[in-house]
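Student: Just dropping this structure here.
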């Protein structure tokens with residue numbers, strides 16, 4: 001690995017990709033293959049770890065090509081049944097544990113775990129859940145998943161749930177779509193906060209975002225960008241970015257090109273130049289200590305020049321070319337995530 005700063009990434013969908021391609025995809029994780037993240041790509045790009053998301057898809061396939069139109073409004077998919085979602089959550093958690101048993105990564109429950117994994121040459125992996133459909137109103141599944149190692153949770157993906165409303169993919173649009181948290185949603189946030197879990201608001205609509213803010217929780221959006229540059233419903237307004245900084249939270253730059261390009265199109269060309277511009281804008285409003293990376297690797301189309309985790313050096317160079325100092329690049333690449341996780345979990 002070069003002397004460039006390591007990357008600790010706030011969001012990827014590698015577990016979902018491996019789940020869809022099992023068992024062959026799991027077998028190939030150590031030697032390389034299709035997809036954005038595997039061990040050879042991680043080593044090449046200095047990808048040292050991050051939050052590995054469990055994601056439960058709905059019926060049918062989410063068509064990324066729909067995000068290549070000049071305007072789009074993707075309706076909410078149907079709500080998921082709790083039992084169906086829990087089955088998929090357990091299957092993806094089992095893949096995570098299998099990768100650990102094969103020595104490909106280490107499950108991390110603390111920042112000291114993350115540092116130890118990196119010191120031993122292992123991917124430092126935090127188990128995250130993107131959408132809480134597998135959890136019922138009694139929160140029993142939350143307790144079990146926390147005991148199994150889950151340390152970060154997004155209460156919704158972009159659909160309606162018993163906890164709140166996810167923001168649909170809409171361009172151009174803001175995220176003020178639908179009602180805020182339900183009482184079950186407030187109960188979930190309170191309990192997850194008591195457990196000192198990261199609460200990820202990336203897919204939550206704007207009313208839900210401010211409901212969480214009213215609860216005094218550090219505001220974290222693991223993979224969202226600046227709405228002022230790309231007016232996609234999933235991106236964050238300047239007011240939201242300011243609140244993230246004021247609460248000691250964090251926003252992670254999403255590499256998916258529909259979030260980067262001002263035209264909101266999920267096309268790989270012409271997106272790299274906008275990455276440092278989004279970072280600079282988010283830093284202006286949230287502060288240097290509250291902006292990091294949340295790639296969405298294996299969950300979207302990324303800039304051509306980056307291609308996958310092996311191409312992360314391109315992003316480091318783009319930040320240098322934009323005039324970011326070495327100290328700021330280090331903050332963005334890993335230090336801000338470490339500091340936020342220590343504030344949330346303790347050392």
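Read-outs throughout are calculated quantities, based only on the coordinates presented, and are distinct from any laboratory measurement. In this text the structure is predicted, and so the values were computed from the model without any measurement. Heads up, the Cβs are rebuilt from the backbone with ideal geometry, glycines too, and the neighbour counts pull from every protein chain shown.
Student: Going by how many other beta carbons lie within 10 Å of each one, how would you line up 71, 344, 165, fewest first? Don't jump to the answer; show the numbers that get you there.
Tutor: Values: 71 10, 344 21, 165 24.
Fewest-to-most ranking of 71, 344, 165: 71, 344, 165.
Student: Within a 10 angstrom radius of the beta carbon, how do 288, 194 rank from fewest other beta carbons to most?
Tutor: 194, 288
Student: Further, regarding this structure: Just how far, in whole angstrom, is region 282-322 from region 1-29 if you go by their alpha carbon centroids?
Tutor: Result: 16 Å between the Cα centres.
Student: Out of these labelled values of percent of Cα pairs over 34 Å apart, [x] 15; [y] 27; [z] 33, which was calculated from the coordinates shown here?
Tutor: The calculated read-out lines up with [x].
Student: Let me ask you something else. Report the Cα centroid-to-centroid distance between region 32-65 and region 88-116 in angstrom, as an integer.
Tutor: Cα centroid to Cα centroid, the span is 15 Å.
Student: Please sort 204-216, 314-326 by packing, taking for each peptide the average over its residues of neighbouring beta carbons within 10 angstrom, highest first. Let's see the in-between values first.
Tutor: Details: 204-216: 20.2, 314-326: 15.9.
Highest to lowest by the protection proxy: 204-216, 314-326.
Student: Taking the Cα-to-Cβ direction at residue 101 and at residue 22 and moving 7 Å from each Cα, how far apart do the two end points lie in nm?
Tutor: Label-label distance for residue 101 and residue 22, simple model: 1.1 nm.
Student: Another question, if that's okay. List the residues of region 93-134 whose backbone N lies under 16 Å from a point placed 7 Å from the Cα of residue 347 along the Cα-to-Cβ direction.
Tutor: Once the point is set 7 Å along Cα→Cβ of residue 347, 110-116 turn out to lie under 16 Å by backbone N, inside region 93-134.
Student: Quote to one decimal, in nm, the extra length available between residue 214 and residue 196 on full extension: 0.36 nm per residue of separation minus the C-alpha distance between them.
Tutor: Between residue 214 and residue 196, full extension yields an extra 4.7 nm.
Student: Starting from the 7 Å offset along Cα-to-Cβ, what nm value, one decimal, do you get for the label separation of residue 317 and residue 284?
Tutor: 2.7
Student: Which value in nm describes the separation of the simple spin-label points at residue 326 and residue 120, placed 7 Å from the Cα toward the beta carbon?
Tutor: 3.1
Student: Next question. Based on DSSP H runs of at least 4 residues, each adding -39500 (n - 2.57), what is the mean residue ellipticity at 222 nm of the chain after dividing by all its residues, to the nearest 500 deg cm²/dmol?
Tutor: Calculated at 222 nm, the ellipticity per residue is -10500 deg cm²/dmol.
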